[in-house]
1. Which pairs do you get when a residue that is in contact (Cβ under 8 Å) with a residue 60 or more places away in the chain, found in the range 41-66, comes within reach of a residue that is among the aromatic types (Phe, Trp, Tyr) and outside any loop (DSSP other than H, G, I, E, B), reach meaning Cβ atoms under 8 angstrom, with the pair 6+ apart or on two chains?
2. What strands (runs of 3 or more DSSP E) completely inside the range 1-91 contain at least 3 residues that are within 23 Å of Asn111 (Cα to Cα) and at pLDDT 95 or above?
3. Just checking, does the range 83-90 include any residue being touching a Leu at 6+ places or on another chain (Cβ under 8 Å), under 19 Å from Ser37 (Cα atoms) and buried (at least 16 other Cβ atoms within 10 Å of the Cβ)?
4. Can you tell me how many residues within the range 92-111 are in a strand (DSSP E or B), surrounded by fewer than 16 Cβ atoms within 10 Å (Cβ to Cβ) and of a type in the set (D, E, K, R)?
5. Among the residues in the range 48-58, are any open to solvent by 40 Å² or more (accessible area, probe 1.4 Å) and of a type outside the set (D, E, K, R)?
Amino acid sequence: MKRLTRPLLIAAVAAAALGLAACASPAPSVVGDWGDSGDQREPSLTFEKDGKYHGTDGCNRVSGSWQADGNIVDLGVMISTLMACEGVDTWLTNAKTAEVKGDTLVFVDENENEIGTLERED
């Protein structure tokens, strides 16, 4: 009887651990549209399931590849066109990472300074 108890105990602990992992809330997904993608004069990004993103900084087209670790999104190397647009704040091109906070995406630069936000588009 003693030999059977240990395997059952191990199985019960493993099942409990799996159950707790299933109850943990998953990290919010960045996939989808952020900002107003219908207004090319405003910053917006679309994150695809395949790890690519594209959009605009309000003047230039931007794109790149992203990776997520929980709710932190690494934007990798952002590729951008270089058009001159008078009176446009192109803060988005300085973003290195972003954090998903509910329906808000908070962008930070290489010095970890918050530089802007985009709201999830419905």
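1. Pro43/Trp91; Ser44/Trp34; Leu45/Trp34; Leu45/Tyr53
2. Numbers: elements: 32-35, 43-47, 52-57, 61-65, 67-69, 72-74.
Filter on the range 1-91 gives 43-47, 52-57, 61-65, 67-69, 72-74.
3. No, that holds for no residue.
4. Here is the first cut: in the range 92-111, the ones in a strand (DSSP E or B) are 97-101, 104-108.
Those still in the list that are surrounded by fewer than 16 Cβ atoms within 10 Å (Cβ to Cβ) too: 101, 104.
Narrowing the set further to residues that are of a type in the set (D, E, K, R) leaves 101.
Residues meeting the conditions: 1.
5. Looking only at the range 48-58, we keep the residues that are open to solvent by 40 Å² or more (accessible area, probe 1.4 Å), and these are 48-50, 52, 54.
Retained after the next criterion (residues that are of a type outside the set (D, E, K, R)): 54.
Scanning the range 48-58, I find at least one residue that is open to solvent by 40 Å² or more (accessible area, probe 1.4 Å) and of a type outside the set (D, E, K, R), so the answer is yes.
The values are calculated or read from the model by the stated rules, or taken from the named source; none is laboratory data. Just so we're clear, the structure is a prediction, and the values are computed from it rather than from any experiment. Here the Cβ is made from the backbone with ideal geometry for all residues, glycine too, and neighbour counts use every protein chain on show. Only protein heavy atoms, including side chains, enter the accessible area calculation; ligands, DNA and RNA are left aside. Shrake-Rupley method; radii C 1.70, N 1.55, O 1.52, S 1.80 Å.
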